[in-house]
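The values are calculated or read from the model by the stated rules, or taken from the named source; none is laboratory data. Just so it is clear, the structure is predicted and the values come from calculations on it, not from any experiment. Neighbour counts are summed over all protein chains in view; Cβ atoms, including those assigned to glycine, are modelled from backbone coordinates with ideal geometry. Surface areas here come from the heavy atoms of the whole protein model, side chains and all, with no ligands, DNA or RNA. Shrake-Rupley method; radii C 1.70, N 1.55, O 1.52, S 1.80 Å.
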Amino acid sequence: MDKIEIVGGKPLTGAINISGAKNAALPIMAASLLTNKRLTISNIPFLSDIESMIKLLQSLNVRIKRSGNSLSLISSKPNSLSASYDLVRKMRASFLILGPLIARYGKASVSLPGGCAIGTRPVNLHIEGLRQMGVNFEIENGYVSGKINGSLRGAEIKLEKVSVGATENLILAATLARGKTIIKNAAREPEISDLCNMLIKMGAEINGVGTKKIIIKGKKKLEGCTYKIMPDRIESGTFVLCVFGCTGTVLLKNLNMEVCNHLIKIFKKLKSLELKILKEGRNLLVKRLNDKKIFLSIKTKEYPGFPTDLQAQLTSALLKTKGKSEIEENIFENRFMHVSELIRMGAKLRQKGSKVIINGTDRLNGAEVMATDLRASSSLVIAGLMAHGKTIINRVYHLDRGYENIEKKLKQCGANINRLKK
Ligand code: UD1
């Protein structure tokens, strides 16, 4: 298994090209199951989660060709409408094939998913929503099997809890259902809007994109299209926090207006800590100067609030600020596995229920640490960059699920970071 070695303590200066958004690319690739026409998708990031989705779709008879950072996908009827544990266990987003398969073929069987170990991550909302659209489910031996008599029908579905994945699965299914589907209390993440915009290009009729109430009028069939994936706001936010933690000046390139505005908004509170974020067209200039003593309190929330996917990285970035901060995690119940690793590096951290309390310290020390999930692994990279001496990060396969060329991008900004191949 590869490791990452970092010798910390340097400010970051340079420019970074932001990749396409993983969390938009995965549902958009699943949408290929809705049509037998060609989809050509560009700005695909090269990540192990994308590889997992490619393998899963290929097992379902989707022919996939890669050219540069584009993928062409053509889906023909598979021999088996089942996705095995081996293909699904690595990544929770695999469950997004359930809605499209049932919508197109009337049945599907998918293993219950794996993914990051950040608390129990049930799929009851996906299943309940599809049930309301006429699907009968059986759960047996770790597999969810759904079947409809006749065709999938539109329904009015109120999600009991805001869920990105359930909103996407139901939108995907509803594009081919008979009649109108209304999804209430839908998640509003921009990656869902990206999926909707592509489905609209495929001929789907969707209203209320980006709102809590999404209305889909089902079509008999969908067409092919070409589509460019939006920039990755979590990757961008991670680099903002690298600059915050290490000081320096970095230009983040290839963003869009919505991602720029979102990042400026969610990091507003860090302004009092001398973080400057300036929009320059589709780029963001990020600068961190000196430190001031403050108390900072941040809570994770669904979009447009502070993303849970940046909570671990924010924790690291705040480790050396003067004063005390606290971060409350409100989306996942067990997303603090980075805390014990950061303490091994000298961080003054305390977890109390769903909060982590950070007392700033002057010095972090490099150490050998273990990545436990995707975003926890990038929080260790940030801490390593901020620490005195050498840090070795183990289990970087977690990092490779969601960050394209992270060491190369940070190296370009002067970081001393290397991959140790095994
Ligand atoms: C997506 C993102 C992930 C992000 C998360 C929250 C992708 C590929 N992944 O994950 O990076 O951290 O949104 O922003 O886009 N829940 C239920 N029942 C369900 C589904 C979810 O109770 O059927 C709960 C979850 O346990 C969690 C909350 O709802 O507490 C939000 O989860 P959800 O938005 O569904 O996350 P994912 O779609 O898995």
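Some points to look at:
- Cβ-placed point charges (K, R +1; D, E -1), dipole of the chain about Cα centre in debye, nearest 20: 620
- Long-range amide H partners of ARG401 with built H, under 5 Å: SER48
- Antiparallel content of DSSP bridges confined to the stretch 22-228, in %, to 5: 75
- Overall, the accessible surface of the stretch 258-348 at a probe of 1.4 angstrom is composed of carbon and sulfur to the extent of 52 percent.
- Counting only protein heavy atoms and a probe of 1.4 Å, the accessible surface of the stretch 22-228 is 46% carbon and sulfur.
- Residues whose amide H comes within less than 5 Å of that of ASN17, counting only those at least five positions distant or on another chain, are LYS253 (H built at 1.01 Å from N in the peptide plane).
- Here the relative contact order of the stretch 22-228, from alpha carbon pairs under 8 Å that lie six or more residues apart, stands at 21 percent.
- Sorting the segments 17-28, 352-363 by their residues' average number of neighbouring beta-carbon atoms within 10 angstrom, most packed first, yields 17-28, 352-363.
- Within the stretch 130-199, the GluC sites (Glu not before Pro) that combine a DSSP coil assignment with at most 13 other C-beta atoms in a 10 angstrom radius are GLU160.
- Accessible surface calculations at 1.4 Å, restricted to protein heavy atoms, place the chain at 40 Å² per residue.
- TYR105 contributes about 50 Å² of solvent-accessible surface, heavy atoms of the protein only, 1.4 Å probe.
- Sorting 64-76, 325-337 by their mean Cβ neighbour count within 10 Å, with the most densely packed peptide first, gives 325-337, 64-76.
- Cα-based shape type of the stretch 333-398, given that a ≥ b ≥ c are square roots of the gyration tensor eigenvalues and the cut on a/c is 1.5: oblate
- Dividing the mean sequence gap of close Cα pairs (under 8 Å, 6+ apart) by how many residues the chain holds gives a relative contact order of 22 percent.
- Counting only the Cα atoms, the stretch 22-228 fills a convex hull of 103 Å³ per residue.
- Charge sum, other residues only, whose C-beta stays under 15 Å from LEU81's C-beta, Lys/Arg counted +1 and Asp/Glu -1: +3
- Here is how the number arises for the chain: DSSP H runs of 4 or more residues each give -39500 (n - 2.57), the sum is divided by the residue count, and the result at 222 nm is -8500 deg cm²/dmol.
- Under Karplus coefficients 6.51, -1.76 and 1.60, residue-wise ³J(HN,Hα) of the stretch 303-315 in Hz, glycine/proline x: 4, x, x, 6, x, 4, 5, 10, 5, 5, 5, 5, 4
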